[in-house]
Amino acid sequence: QVHLVESGGELVQAGGSLRLSCVASGLTFSAHTLGWFRQALGKEQEFVAHISWSGATTAYADSVKGRFTISRDNDKNTVYLQMNSLKPEDTAIYYCATSIVMNPSFRHFTSWGQGTQVIVSS
């Protein structure tokens, strides 16, 4: 059974930085694309970033491009999301998810963590 645990979310001032982590178990980590998604209160879940099994290919939502960086450590079964220049509109619960598809769309992410809360104050 796949198990994903996110951490690193907290309250931060606008302009600050956070690094989220997601540790995975119960899967062949290096064979999966890993993604980060977020959901703000009252809004739909949205894609943030994903990274290929090797780390060679990444993709970002336009809203975070240039500010967020996704990375992974296959030896530690961990994916990271470095978030810089945070804005109040980045406030959301952040989730990591896995997919066996090389360049997945939302429906291809089949295992999800419980999320970690990020709050950016103005």
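Residue farthest toward the positive end of the dipole of the chain, with Cβ of Lys/Arg at +1 and Asp/Glu at -1: which of Trp53, Ala24, Pro88?
Ranked along the dipole, the leading option is Trp53.
Please list, or write none, the lysines whose alpha carbon is within less than 27 Å of the alpha carbon of Lys76, excluding same-chain residues fewer than 8 places away.
Answer for Lys76, where 27 Å is the Cα cut-off: Lys65, listed by chain and number.
Rg and Dmax of the chain, Cα atoms, in Å?
Spelled out, the Cα radius of gyration and Dmax of the chain are 13.3, 40 Å.
Carbon-plus-sulfur fraction of the accessible area of the chain, 1.4 Å probe, in percent? The partial results should precede the final answer.
Values: 3190 of 6450 Å².
So the carbon and sulfur contribution to the accessible surface is 49 percent.
Which whole-Hz couplings ³J(HN,Hα) result when phi for each residue of the range 111-118 is put into the Karplus expression 6.51 cos²θ - 1.76 cosθ + 1.60, θ = phi - 60°, listed in order with x for Gly and Pro?
10, 10, x, 8, x, 9, 7, 10
For the chain, what is the accessible area per residue in Å² when the probe is 1.4 Å?
The answer is 53 Å² per residue.
Each label point is 7 Å from the Cα along the Cα-to-Cβ direction; what then is the distance between the points at Asn103 and Ala56, in nm?
1.4 nm
Suppose every K and R has +1 on its Cβ and every D and E has -1 on its Cβ; what is the size of the dipole of the chain about the Cα centre, in Debye to the nearest 20? Walk me through the numbers before you get to the answer.
Values: 9 positive and 9 negative charges, 22 e Å.
Computed charge dipole of the chain: roughly 100 debye.
The values are calculated or read from the model by the stated rules, or taken from the named source; none is laboratory data. These numbers come from a predicted model, not from an experiment. Glycine gets a Cβ as well: all are built from the backbone with ideal geometry, and neighbour counts include every protein chain shown. Areas reflect the complete protein model, heavy atoms only, side chains present, ligands, DNA and RNA absent. Shrake-Rupley method; radii C 1.70, N 1.55, O 1.52, S 1.80 Å.
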